[in-house]
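Asks: Below are the structure tokens for one structure; questions will follow.
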Amino acid sequence: MSMLTRKLVRDLWLVKGQVVTIALVVASGIAAFTASLATYESLKRMQASYYETARFAHVFAAVRRAPNAIAPRLLEIPGVAEAETTIAFDVLLDLPGVLEPMIGRMIALPDHGLPAMNRLTLMAGRWVDAPESNQALVTETFAKKRGLRPGSTLTALLNGKRETIEVVGIVLSPEYIFAAAHAGGDDSNFGVFWIGRKRLAAAFNMEGAFNRVALRLGGVATAGASERAVIDAVDRLLEPYGSIGAHGRAEQPSHQAVTQEIGEQRVFGIVLPTVFLGVAVFLLNVVLTRQIGTQRSQIAALKALGCPDRRIGLHYLQFVVVIVALGSALGVAAGAWLGHLLTGLYAQFFHFPSLDFEMPLWIPLAGAAASLAAAVGGALNAVLRVVRLPPAEAMRPASPPTFRPTVAERLGLGHLYSPAVRMIVRDMERRPARALATISGIAGAVAILIAGTWWNEAIDYLLEVEFRMRERQDVSVVLAEPASTAAVYDLARLPGVIRAEVDRSARVRFVNGQRTHRGDITGLPADSSLRLLLDDRLAEVPLPPHGLVFNRTLAERLGVAPGDTVRVEFLQGKRLARDVPLVALAADLMGLRAFMDRDALNRLLGEGDALSGARLQLDGAQREAFLKRIKETPRVAFAIEIGPMIRYFRETSARNILIFTTVLSILAGTIAVGVVYNNARIALAERAWELASLRVLGFTRGEVSGLLLGELAIEVAIALPLGWIAGYALSAFIVGLIEPETFRIPLVVGPRTYAYASLIVLAAGAASALVVRRKIDQLDLVGEAIGRRRGRPAAKASISPRMCSAMGVP
């Protein structure tokens, strides 16, 4: 072992506490980076693999009723490689022991065998072996949440007739990886069933017909080059049969939600680790700079003995490399564990045949390389100062800082605070860069905590605004077919109904130049009180008698503003096209929504006074009677009770956010400890002579500790509000990187989040302060005061020049 290698080992051991804390900060950044990106890669790989294995369709279409005879014509469309038609209807379900009505999507199986596209994966039980019977397959998500297994039975309202359905198999489908996207966020009340085609066709009078189409594209179409042309051709072919518009994978609800979530994981994998690495670079630079400052005489001796500058510089860079290597090893191990945890969370929502966590080799290598490059780059300035230091200059101790009064003293306010406070303020003013760096590091820890924990308040706000202030109904009812307003009287007579408001929904395509969006227009009554339109300030937006109201997300998607005209192409009925003015904007957080006055919408459709659903307000005392009756109402396609949906959403999100915030709290706490502890230890090493001299002069341990830790307390106090600002800005930046589809995340950072982030950082700072206080109590008073500690040359038994300067003594 060479002389410099032995010196490196000794130096690392002497500052082992600082080495460990810096390595932990590096490890936190690498853990966040590797876990997020590896989870992203695992999800993306599994999604692509499952889509290919299950032959997930590229284009989907729905019609009211089309004859089977036209199915072969779908294959004649240029770019279409495969086409498959089926039947699908949403119905009401009634499970034994379950009061709430549930939605069941009944999908027909082919007459012979299984679907060639959107293939099913059998997870338990068996396939349907009697297509004419009521045997059915059910999605694994719904089966688990409702305790269904092969042999279980339930009741479904098939076209107004109650039928007993027997579950024979549990399956997965690529169309319903995230089934909640089809059910407004609650997949516990949404089950997908596959039943024999003849049986379903007979129930809904669909013999010799279909109402759902799935297409796989071939050739250049698989790359999306001709998807738009295929969609247009499908629409033209199916238009006479009541087509409601074909669409690609990008608008398929499950695919849309999964893809958005995968993209968010990639954002987190890039943004948060960058902050961690920035703090680590700062710490390494500070430690190395001050390490060099305490070894000036050793550097001078090495230079005088002929050691080349390159070798000395490499020696100090090795100090950085060792810390980064230690942090990388810990970070990769923690990242693998955290990645498994994240993947396990996603497995509860995204149902693939298997969802295994894999970490490609390039991810930990990239994380370690980025950390090393950043650390070496940050420490390079300190290393260059080493190699440029002439031996004669290095032999002399660094000059003490020049005494000058503080700003407050120059303003004549010095008498307002004690000499101890004056010493602290003077030391901070003379080293503003060091104080600023410490404040920045602590503020970074606060910012990371805020950026990772505000989601809980955002979801609470979203649920409160969307389902308490905007959607005020207890139950939403969707009718099987549009009906006259007389239907509202039937709904109003149901047990417990206090108020009923009808609405009209129409499937449309919005067009503004080259921008299009396929969605719905919801027609509300002019005096609606159960569904309000609110702006960003939660003030009510009046429903205009004519024209559209968009939510902001849809307006941004189409590039329109109030006063513009939007082309509206109706995808049902007579398939009319109208130019409709955009009158106002609302601030809905869920989906991409458009609204009109119901009477105005009916006039555009030319269908008279029709309705397609209703919002009901209930008397809580008669809730049970109402839910029992609604399951037996033939006109109702399905009903959604708002209360259970909110509870399910809140419980699910609360569990996941708790895990996420716990992990982030540990990582951010590591940063706070690293910053506070390193600065306190380095300050102690630099000022040990001064502090020991003060103890000899009669200062108590508490007074001496107050001089050192008081500066850190001031820096923490300044860092907290700066961290609040930075945390809000970082949260806004993350939200800006996420493209909203299913819902828009409101940027709501409340007092609870700020308080939580501050308490974590204060606790980490207090723990670090206790460790440093212990070190102060263990100071060798005589050895430090006379300068003989650890072999240093004897010094005069007097107060050091630096301490004299700090106390204001010339």
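The values are calculated or read from the model by the stated rules, or taken from the named source; none is laboratory data. Just so it is clear, the model here is predicted, and its values are computed rather than measured. As a convention, Cβ positions derive from the backbone with ideal geometry for all residues, glycine included, and neighbour counts pool all protein chains shown. Ligands, DNA and RNA are stripped out before the accessible areas are found, and what is left, the full protein with its side chains, is counted by its heavy atoms. Shrake-Rupley method; radii C 1.70, N 1.55, O 1.52, S 1.80 Å.
Asks: I need the trypsin sites (Lys or Arg not before Pro) found in the stretch 443-529, filtered to DSSP loop residues with at most 12 other beta carbons within 10 Å of theirs.
Replies: Answer in residue order: Arg493.
Asks: Ordering Arg105, Arg426, Arg623 from largest to smallest accessible area (1.4 angstrom probe), what's the sequence?
Replies: Result of the area sort, largest leading: Arg623, Arg105, Arg426.
Asks: In addition: Over the stretch 1-112, give the accessible area per residue in Å² for a 1.4 Å probe, as an integer.
Replies: On a per-residue basis, the stretch 1-112 sits at 40 Å².
Asks: Now a separate question. Measuring from label point to label point, each 7 Å out along Cα→Cβ, what is the Arg493 to Arg162 span in nm?
Replies: So the two model labels end up 2.0 nm from each other.
Asks: Still on this model: Would you mind computing Rg(Cα) / (2.2 N^0.38 Å) for the chain, counting N as its residues?
Replies: Taking N as the residue count of the chain, the ratio is 1.22.
Asks: Could you check the spin-label model distance between Val387 and Asp564? Points 7 Å from the Cα along Cα→Cβ, value in nm.
Replies: 5.7 nm
Asks: Of the heavy-atom accessible surface of the stretch 57-257 (probe 1.4 angstrom), what whole percent is carbon and sulfur?
Replies: 51 percent
Asks: Let me ask something else. Are there any helices in the chain, counted as whole DSSP H runs, that stretch 15 Å or more along their axis by Cα and score at least 1.0 on average by Kyte-Doolittle, and if so which?
Replies: Helices passing the filter in the chain: 309-347, 362-387, 432-453, 701-737.
Asks: Turning to a different aspect of this structure: How would you order 595-601, 264-270 from highest to lowest mean count of nearby Cβ atoms within 10 Å?
Replies: 595-601, 264-270
Asks: Would you mind getting me the FRET efficiency between Thr53 and Phe733? Use the beta-carbon distance for r and R0 = 30 Å, nearest 0.05.
Replies: The computed FRET efficiency comes out at 0.20.
Asks: Still on this structure, I have one more. What is the spin-label model distance, in nm, from Val771 to Arg65 if the labels are put 7 Å beyond Cα along the C-beta direction?
Replies: 7.6 nm
Asks: In whole percent, and with a 1.4 Å probe on the protein chains, what portion of the accessible area of the stretch 409-559 is carbon and sulfur?
Replies: 54 percent
Asks: I'd like to check one number: the per residue accessible area of the stretch 497-618, probe 1.4 Å, reported in Å² as a whole number.
Replies: Ligands and nucleic acids excluded, the result is 40 Å² per residue.
Asks: Can I ask one more? Taking the mean number of other Cβ atoms within 10 Å as a proxy for protection, how do you rank 520-531, 536-547, 55-66 from highest to lowest?
Replies: 55-66, 520-531, 536-547
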